[in-house]
Structures are given as structure tokens and as C-alpha cells.
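Before anything else, here's the structure in question.
Every number in this text was worked out from the coordinates using simple rules, so none of it is lab data. Just so it is clear, the structure is predicted and the values come from calculations on it, not from any experiment. Counting neighbours? That spans all protein chains shown, and the Cβs are built from the backbone with ideal geometry, glycine included.
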Amino acid sequence: INADVGLAMAQGIEIERELDGLERGEDVEAFRLRMKDRFGEIPEEGEELIRVVTLRHLGKCLGAEKIFLKAGRMVLYFVQNEKSAYFESKAFGQCIAYAAMNAHRSNLREANGRRSMVIQEVRSVKDAVGILRQISELQAV
């Protein structure tokens, strides 16, 4: 590996670590501005990476321990303890409301004691963020 490639890799790792540590919206926006100042216009792939921070935050607020985006679908994995008070919470009620209103593209499931929600037709992190924002604005069932 030549010195330029090594430096670029080190910078990439540093940027990913910084991005991974962000939690608040204003921190994400400050990060975006620093990247724009440093590298110029951020390509859509970079914006998608930055949106992951918002996706994680929204998912956490809705009680998702893990979120997977793959092959045009998003899977939200909820807390493993099926006796958890979470399943009586407003956030879980909002997820149920979304699934009921969008039965053509979403469903709640349980496998091996793990509850999750699968949403189809999610093409990007931007789409996923929009869906989680929709869910968080719903009235709980």
C-alpha cells in the first residue's frame, strides 16, 4: 500500500469513528459542514452514511435494538425480553399502528423469542429515516 492510500484509509477510519460517536442532530449537522468544508460537496453515498446516525437515533427512540437494511427491506429488532414493559409502551404502540396502516408492506413477527417488524420497499437510508419519522408521529394503538 502506498503512502497516499494508507493516509486515505486512516482518514476514512477516523471519519467513520467520529460519525459513529454522534448522537444529536446538531452534532450531525456540524459534522456534515466540516466534511463539506474539508472535501467539498458530499456525494449521495456520503449523505446516506451520515443519515445512518439519524436512523439509529430514531430506531432507539422506537425501541429497536438493531436495524437491518438489506435487499429493499428494513427489519427492526425489538428488545428480547418478551415480558419487557416496552411492549406496553407508546413507542411499540406506534409500531403496531404503522404495521396496521401499512399491512401491504409491513408485518410484525416473532421468531425464536425475538420480536421484529419487517418493512418492505425501503430502498435507502433516506427512505428508512422517513418511515421511522412517520412511525414516531403516529398515535399509539
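Under 24 Å Cα-Cα from residue 66, which lysines qualify once same-chain neighbours fewer than 8 residues away are excluded?
83, 90, 126
Return the whole-Å distance between the Cα centroid of region 25-42 and the Cα centroid of region 54-86.
So the separation of the two Cα centres works out to 27 Å.
While we're looking at this one, here's another question. Which percent of the Cα-Cα distances in the chain go past 19 Å? Walk me through the numbers on the way to the answer.
Numbers: 5590 of 9870 pairs.
Result for the distance tail: 57 percent.
Taking θ as phi - 60°, what are the ³J(HN,Hα) couplings along region 97-104 by the Karplus curve (6.51, -1.76, 1.60), each to the nearest whole Hz, with x for Gly and Pro?
4, 4, 4, 5, 6, 10, 4, 5
Stretched out fully, how many nm does the piece from residue 138 to residue 110 gain, at 0.36 nm a residue minus the Cα gap?
Working: separation 28, 0.36 × 28 = 10.08 nm, distance 2.26 nm.
Net length gain for the segment: 7.8 nm.
Please list the non-local residues whose amide H lies under 5 Å from the amide H of residue 122, H modeled 1.01 Å from N, same-chain partners needing a gap of 5 or more.
Those lying under 5 Å, H to H, from residue 122 are 73, 74.
Treating the beta-carbon of each Lys and Arg as +1 and of each Asp and Glu as -1, no other charges, what is the dipole magnitude of region 34-141 about its Cα centre, to the nearest 20 debye? Show your work: numbers first, answer last.
Numbers: 18 positive and 13 negative charges, 46 e Å.
Charge dipole of region 34-141: 220 debye, to the nearest 20.
Still on this structure, I have one more. Can you give the extra length, in nm with one decimal, that the chain gains between residue 70 and residue 127 once fully stretched, where that is 0.36 nm per residue apart less the Cα-Cα distance? Can you show the working numbers first?
Details: separation 57, 0.36 × 57 = 20.52 nm, distance 1.25 nm.
Gain on stretching residue 70 to residue 127: 19.3 nm.
What are the residues whose amide H is under 5 Å from the amide H of residue 65, where those residues sit 5 or more places off or on another chain and H is modelled from the backbone?
77, 78, 79
Counting pairs of alpha carbon atoms under 8 Å apart in space and at least six apart in sequence, what relative contact order in percent does the chain give?
Details: 165 pairs, mean separation 33.5, N = 141.
That works out to 24 percent.
Note the full-extension length gain between residue 26 and residue 45 as 0.36 nm times their separation in residues minus their Cα-Cα distance, in nm to one decimal. Show your work: numbers first, answer last.
Details: separation 19, 0.36 × 19 = 6.84 nm, distance 2.05 nm.
Extra length from residue 26 to residue 45 when fully extended: 4.8 nm.
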